[in-house]
Amino acid sequence: MCNFLKSVLLGSIGTYCILGTPIEFKKEYLPFSRKVYSPEELKFYNSNAGRLITQGFFLITTQGYAKVFVHEVCHAIAVKLLLKQNTKITIFTKGYSGMTESTTGLQEVSDWKKSIISVAGPMGSMAFSTCKLVALTALKSYIPRHVALTLGGGAIISMSLDLEKAYLGASSKCKDDIRDFARIKRHGANHLAVASSVLVAQYALGIFVANKLQRNLAIFPVACLSLIAVAIKDELGW
């Protein structure tokens, strides 16, 4: 248990089996992940800001490794509930990413089921950060203010990055893009609209909770939501 917690919280390498699902933490990058990025995205990830959000200190402070773990577990749960199939989870601690693979493949699965499986991960990530904000709001009278604001700010940045990643995946022109919203986009505009609405609704809930924790914290996510909503609207052609 101690080693598992070190992997989830600190990104330590290790192999585990939880409820019959093998989970491996690797100190590697997701294979071929950089091939799907646009030149603009690569420029961002090579910038100081891009390097910051994938550094160990930032990920530990924002519980980033735990969030990736929750993200992939949600994919695995969706596969188990919808398809009754087993999965294997690999979390790549370099590059802040993960992969959930079905042991039998998804070739004979309907597009709607595939979309649900794809959006389950981002929903889990968003719920993870929202739950942190709810807990901080409930406990803000018992923990130091600077600690609450640091953890709350990290949760908001994490949620904003989730929404940004969703848009980047949805707007990707690469046919081999394996990001969740790139997969959903390939199933059609209706799939993308439903998935985007669900994720934006979760994000809005996070804004509401952040406002309860500290009014100034809500300014950043509101601005991000406005910009990304316009971009998604353009992508869908509305």
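A cut-off of 5 Å between modelled amide H atoms, ignoring neighbours fewer than 5 places along the same chain, links G14 with F25.
Here the peptides 76-87, 7-18, 140-151, 111-122 are ranked by packing, the mean other Cβ count within 10 Å, and the order with the highest first is 111-122, 76-87, 7-18, 140-151. Pairs K132/K175; K88/K165; K6/K80; K67/K185; K84/K175: which are spaced more than 30 Å apart, C-alpha to C-alpha? The answer is K132/K175.
No value in this document is a laboratory result; all are computed from the given coordinates. Note that the structure is a prediction, hence the values are computed from the model and not measured. Every residue, glycine among them, receives a Cβ derived from its backbone with ideal geometry; neighbour counts consider all protein chains shown.
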